[in-house]
1. So the label point goes 7 Å from the Cα of residue 501 along Cα→C-beta, right? Which residues of segment 513-548 then have their backbone N under 20 Å from it?
2. Estimate the FRET efficiency between residue 32 and residue 583 by the formula 1/(1 + (r/R0)^6), using the beta-carbon distance for r and 35 Å for R0, to the nearest 0.05.
3. Can you compute the helix-only [θ] at 222 nm over the chain? Use -39500 (n - 2.57) per DSSP H run of at least 4 residues, normalise by all residues, nearest 500 deg cm²/dmol.
4. Sort segment 1-157 into rounded, prolate or oblate with this rule: let a ≥ b ≥ c be the square roots of the eigenvalues of the Cα gyration tensor; rounded if a/c is under 1.5, and if a/c is not under 1.5, prolate when a/b is larger than b/c, oblate otherwise.
5. Can you give the extra length, in nm with one decimal, that the chain gains between residue 58 and residue 184 once fully stretched, where that is 0.36 nm per residue apart less the Cα-Cα distance?
6. So how much slack lies between residue 566 and residue 646, counting 0.36 nm per residue of separation and subtracting their Cα-Cα distance, in nm?
7. Tell me, in nm to one decimal, what length is gained between residue 145 and residue 290 on full extension, where the rule is 0.36 nm per residue of separation less the Cα-Cα distance?
8. Expressed as a rounded percentage, what relative contact order does segment 47-91 have, with Cα pairs under 8 Å and six or more residues apart?
């Protein structure tokens with residue numbers, strides 16, 4: 001862990017503690033206003049680390065120890081007159097060991113102990129109902145006010161969000177297969193600008209993601225999109241549950257800038273950079289590409305346009321990092337068709353393949369993570385021939401197979417420097433700890449696709465691939481097409497893109513001893529579709545920071561207050577919507593986060609700067625307020641309901657009912673804590 005990461009974690013812990021402290025401070029000042037005797041004001045839970053009491057001073061551990069030593073009894077046993085005579089405060093201010101909550105201890109009120117009442121006129125239970133309502137709700141009110149204040153400050157500073165511009169479109173996702181309302185031949189594409197979501201202006205890409213995640217089951221999300229030609233199109237897209245996030249999503253990702261990701265993404269970016277350049281370069285995470293082949297570029301789409309014009313030749317790039325310029329030459333690879341296998345669930349880890357007319361390459365080890373359990377078993381450049389009972393697996397087929405296997409050892413076979421080698425792969429959580437790429441340089445077929453899913457009138461239908469009757473098998477090495485020698489997938493693509501009534505691919509087995517011809521036909525349209533394929537580079541847009549748009553009040557404090565109020569209201573609605581979607585099971589409990597998860601996310605968000613950190617804390621403050629005022633036992637909302645009942649009935653609910661409700665509430669909160677703690681730990685391990 002770097003010093004920056006540690007600082008960010010400490011910063012978030014402090015911020016989280018501040019939100020809880022403000023909440024409890026609301027109860028505290030309201031209790032003081034109501035004249036209720038307060039024994040303790042505590043931040044955190046567990047053993048007391050330090051405390052302060054007027055008349056005693058600062059103490060390690062609780063000040064009650066010194067009170068008993070000096071006066072022979074605790075402060076709670078003293079009357080108001082005794083406290084005044086002894087010159088000490090009734091309230092002890094404490095900092096607890098665990099920054100996971102806080103509390104205010106009032107005379108006549110203890111959470112989980114409804115029978116802990118007192119006859120003292122300054123006790124909570126003897127206070128007027130209206131004042132008790134203020135005390136119970138004061139913490140929530142202060143959390144809302146703090147959230148509004150943080151929103152105002154962040155908008156005055158300016159907050160960066162992902163721009164509402166489409167970058168990648170997930171293969172086979174709802175967004176990829178949905179045609180526009182106006183024209184059945186128009187689909188979403190990279191660079192499209194989303195102008196509105198469900199009729200509301202889209203300010204950030206988050207608006208799009210939230211609309212998908214919060215959609216009701218089988219309810220479409222309406223996007224109004226502006227194409228490059230300036231025309232507006234509408235898309236009714238029904239979200240589907242993602243296996244990666246567990247949330248409903250439509251399958252869109254934000255557009256990317258040309259600044260390489262840093263922070264906690266550094267290791268992944270470094271692996272991509274290692275395979276991207278023709279020779280060793282000095283390009284590092286955090287650098288920004290400024291030109292490609294002499295053309296100034298500012299977005300990934302502009303850079304990709306240069307890649308497509310390269311015709312497969314290397315691309316010369318220039319990078320900036322504030323200390324000067326760095327030049328590097330990028331390797332370019334041919335682009336291949338996206339093939340959608342039949343019989344693969346939409347929710348599978350990968351439900352598409354890259355290849356040509358049903359022919360798919362093998363999988364190659366591009367790089368190996370330092371933490372990989374197979375660091376001694378695998379080598380960079382190994383081509384996978386078999387894993388477990390899967391021979392000559394395709395990329396998607398391999399990923400889906402691994403995801404279903406238990407942790408342990410899988411007997412496997414790889415092609416290493418032209419020689420078949422047996423290896424035992426160690427599997428952990430469906431992964432082998434290596435970056436996998438398609439083996440485009442290896443002229444060997446993986447298991448071919450005989451049928452595929454294609455889009456027809458906005459729906460996916462099954463269609464036979466051209467090689468359906470060709471008898472091509474996985475593990476065969478191709479050597480020629482129509483008697484023209486081919487030794488790479490690029491050469492295979494070039495030959496197949498030439499229109500011809502009949503195609504003959506000559507193949508041999510892995511040993512090279514047996515030769516066979518695969519004969520099939522291709523239509524002119526199928527050949528032309530191959531000729532339109534372009535080029536790609538390992539520098540995928542996910543390696544770069546998103547394109548950002550800044551939401552700002554432009555220095556106008558009135559506008560900042562308005563924006564802050566609107567954001568607070570939106571966050572309240574979003575929190576209630578999340579609870580509703582949990583009940584509808586479109587948002588899974590695996591998405592819930594506890595304090596550890598919040599700190600983990602916050603440590604990443606701190607990289608974006610103080611304005612976004614304040615924005616994040618404002619969101620947490622709103623969530624804390626809403627959840628605390630739910631009508632559940634133990635939390636403030638449940639206590640408020642008791643007071644409403646007491647106001648109308650003339651007496652509080654029975655002690656037996658309150659005890660039963662308290663037990664139920666404690667079990668519910670305990671279960672929630674266990675679930676969120678488990679989720680948080682599993683995310684950290686993952």
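1. Residues 518-528 fall inside that zone.
2. Computed FRET efficiency for residue 32 and residue 583: 0.35.
3. Details: 16 runs with 239 residues, N = 686.
About -11500 deg cm²/dmol.
4. Numbers: a/c = 2.39, a/b = 1.38, b/c = 1.73.
Note, shape of segment 1-157 comes out oblate.
5. Working: separation 126, 0.36 × 126 = 45.36 nm, distance 7.30 nm.
In short, 38.1 nm is gained.
6. Details: separation 80, 0.36 × 80 = 28.80 nm, distance 3.46 nm.
Stretched fully, the residue 566-residue 646 segment lengthens by 25.3 nm.
7. On the way: separation 145, 0.36 × 145 = 52.20 nm, distance 4.35 nm.
Difference between extended and current length: 47.8 nm.
8. Working: 47 pairs, mean separation 15.0, N = 45.
Reported as a whole number, the value is 33 percent.
None of the figures in this text is laboratory data; all of them are computed from the coordinates on show. Remember, predicted model here, so these are calculated numbers, not experimental data. Here Cβ is always computed from backbone atoms with ideal geometry, including for glycine, and neighbour counts include all displayed protein chains.
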